[in-house]
Amino acid sequence: MNPATTDDVLEGVRDGLVFFPLYLPLATAYVISAQLAGLEGWTIVLWSALIYAGAAQLACLEGAGAGAGLGQLLVIAFMANARHGFVALGLSSYLRTTRAGSLPFLAFTMATPSLGLLPAKARRGGSVLAYGLAVQGVQWAQWVSFSAAAVWLGPMIPPSWRAVLAFAGPTAIIGVTAPMVRDDLRNGALVAGIGAVLGLGLTWVWPPQLSAIAAAIVGALATLLIPEDGVDGQP
């Protein structure tokens, strides 16, 4: 590994650890739900290692609690993870020259923060592949490790605190936008502002879930109107 690639890996490890304060409460919320559903500790951790998708894991728990069978749970997991297809489409231009053999590893460890982290890395220069594998691998390791820790920690959390854990998810999504806004303050703040204002404004007339979806779509469309310079798509 040449020195430049080593620097990209170290940068990825550093950026992956930024999500340390977010993954712990999110994993704890998942583990508490899994324990209430009757899953054993090793099963809870195995889910995190193999599925690696908090939203899908929580959705499957809800489905299992409602009596869904294996086939139904697979459909639920697929639907909950469908967003990663859009994330992959958004990142495809930055991975054009990435070796095909590396793509499965990038795909398995892909997390929503990649939508902000990988384009920001492409703008800074260096190996997007080395950086992506490092930053996503660190996030996967945190998710699995914190799930294991929460199996032991969960029963110690007072019931009055558990409602606070629900804020971990929205906080994580807000954090996803930070790299893109930081690297292109004017355009990033514009798109984030459009989504935030529209999402909050629509809640006056629409349910929050529908408002969030509409705001995300409009925010995504707004990015198509903003020219993006300085990205060469090199890995």
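Rule-based calculations on the coordinates, nothing more; no lab input. Quick caveat: nothing in here was measured; it's all calculated off a predicted structure. Cβ sites come from the backbone with ideal geometry, for glycine too, and all protein chains shown count toward neighbours.
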Residues Thr109, Thr223 arranged by fewest to most Cβ contacts within 10 Å: Thr223, Thr109
Extended-chain gain in nm, criterion 0.36 nm per residue less alpha-carbon gap, Val18 and Ala37: 3.8 nm
Given Gly71, Val13, Thr43, which one lies farthest toward the positive end of the charge dipole of the stretch 3-183, if we put +1 on the Cβ of every Lys and Arg and -1 on the Cβ of every Asp and Glu? Val13
Each label sits 7 Å from Cα toward the beta-carbon; between Ala88 and Ile217 the label points are separated, in nm, by 2.3 nm
Label-to-label distance, nm, for residues given as Leu70 and Leu103 (7 Å Cα→Cβ offset): 3.0 nm
Order of Leu39, Leu221 under a 10 Å beta carbon neighbour criterion, fewest first: Leu221, Leu39
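Beyond 29 Å, what percent of the Cα pairs of the stretch 3-183 remain?
For the stretch 3-183, the fraction of Cα-Cα distances above 29 Å is 24 percent.
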Taking Rh as the Kirkwood radius computed over C-alpha pairs, what is the Stokes-Einstein D of the stretch 52-93 at 4 °C in a medium of viscosity 1.567 mPa s, expressed in µm² per second? 119 µm²/s
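Can you put Arg124, Arg96, Arg186 in order of Cβ neighbours within 10 angstrom, beginning with the fewest? Intermediate results must be reported in sequence, preceding the final value.
Details: Arg124 14, Arg96 11, Arg186 8.
Fewest-to-most ranking of Arg124, Arg96, Arg186: Arg186, Arg96, Arg124.
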